[in-house]
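Since the structure comes first, as structure tokens, the remarks are kept for the end.
Please treat every number below as a calculation from the coordinates, not as lab data. Bear in mind the structure is a predicted one, so any value in this text is a computation, not a measurement. Glycine also receives a Cβ, built like all others from the backbone with ideal geometry; neighbour counts cover every protein chain displayed.
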């Protein structure tokens with residue numbers, strides 16, 4: 001594949017699916033600089049993956065796979081992220097948070113961050129409205145296993161919502 | 001906020017994204033990555049050419065030397081020594097090929113579970129010190145032993161006085177082996193805690209993926 005063609009596909013994927021990259025970076029990055037670092041790493045891996053894409057699945061499924069696999073591998077990198085780095089100093093300006101974000105969104109991300117790494121991926125896919133079959137294709141779990149886990153995650157989130165309702169969110 | 005409102009809030013990110021992206025910074029990162037990949041490929045190609053030319057050259061030279069010793073009817077010890085050094089070079093080529101090709105290529109289409117299993121297999125391999133060290137030691141030692149044996153054969157058959165003294169050969173070989181084993185072990189000791197931490201996390205993740213809730 002020509003480099004220009006690869007870059008063209010990459011640009012179109014990023015334009016269409018950047019929200020996936022933002023969400024994965026937000027879910028797995030503890031600080032803003034971590035999220036920028038992870039976002040860049042995912043974007044580079046997506047660029048690398050363009051050549052390997054054969055159209056066997058939808059680009060959305062492909063990008064989720066690459067993004068989640070990269071995020072999990074990135075988190076395993078000896079915890080260099082978010083440790084001993086000053087957030088503002090390390091920021092590269094790759095991601096710019098717009099002002100006036102809905103605080104309820106931060107609450108949702110905080111709740112997802114409380115789940116274990118595998119369930120975090122599932123929560124993200126569930127909230128994005130993917131079917132059990134699609135989740136199964138991305139994570140490599142059986143559909144029934146996905147169903148059971150999703151029910152459990154929904155129950156946890158519902159309990160958190162009820163608690164916050166009582167406390168006045 | 002109820003569950004439906006939560007979903008609505010979440011999906012609003014698709015129309016009003018969580019972040020704005022600095023395209024120039026991303027483009028710059030991409031260019032750096034492209035340059036890195038090109039540089040790595042260049043180095044890889046050079047290394048490959050150097051290895052093949054060097055080992056093949058030495059093997060051809062040794063083969064020629066064996067032919068000369070047989071044609072001239074020189075003592076069998078020269079032919080034998082040259083044959084052993086040819087075997088050493090072949091061993092070196094094998095060890096060199098194995099050490100270059102041990103990392104399986106990443107398949108971007110892997111599911112999360114497959115990717116975790118692949119990473120775990122890689123870490124398990126890196127932690128298997130014996131296999132890891134043996135390949136390096138074989139590669140380094142076979143090259144030195146092969147070269148020393150060949151130079152000894154050439155010198156003796158041509159009656160060239162051996163300035164270093166052939167008595168030093170075993171000492172040199174043993175010293176080289178000790179050095180290679182020591183540095184391989186030192187490197188391994190340094191990498192081991194990080195690899196073990198990664199192995200533990202991967203196993204935990206795999207267990208979390210495998211366990212039905």
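Side notes on the structure shown:
- For region A:100-169, fraction of C-alpha pairs farther apart than 17 Å, in %: 44 percent
- GNM flexibility winner over chain B from B:92, B:57, B:39 (Cα, springs under 10 Å): B:39
- A Förster distance of 45 Å, applied to the separation of the beta-carbon atoms of residue B:35 and residue B:8, puts the FRET efficiency at 0.55.
- Using a simple spin-label model with pseudo-atoms 7 Å out from Cα toward Cβ, residue B:50 and residue B:168 lie 2.6 nm apart.
- Approximating the spin labels as points 7 Å out from Cα along Cα→Cβ, the residue B:42-to-residue A:156 distance works out to 4.8 nm.
- The value for region A:1-43 of Rg(Cα) / (2.2 N^0.38 Å) is 1.31.
- When the Cα convex hull of the protein assembly as shown is projected onto planes of every orientation, the mean area is 25.1 nm².
- Cα centroid separation, region A:121-163 to region A:2-69 (Å): 22 Å
- Remark: B:54, B:89, A:22 ranked as B:54, A:22, B:89, counting other beta-carbon atoms within 10 Å and listing the fewest first.
- Using C-alpha pairs below 8 Å separated by at least 6 residues, the relative contact order for chain A is 23 percent.
- With eigenvalues of the C-alpha gyration tensor scaled by 5 and rooted, region B:53-210, Å: 45, 18, 9
- CD proxy at 222 nm, helix term only [per DSSP H run n ≥ 4: -39500 (n - 2.57); per residue of chain A; nearest 500]: -23000 deg cm²/dmol
- Per residue of A:35-46, other chain Cβ atoms within 10 Å of the residue Cβ number 3 on average.
- Per-residue mean of C-beta atoms belonging to partner chains within 10 Å, peptide B:6-15: 6
- In this rough spin-label picture, where each label sits 7 Å from Cα along the Cβ direction, the residue B:200-residue B:124 distance is 1.9 nm.
- With a 10 Å cut-off around each Cβ of A:138-145, the average count of Cβ atoms from other chains is 4.
- Anisotropy class assigned to chain A is oblate, per the alpha carbon gyration tensor with a/c at or over the 1.5 cut-off and a/b no larger than b/c.
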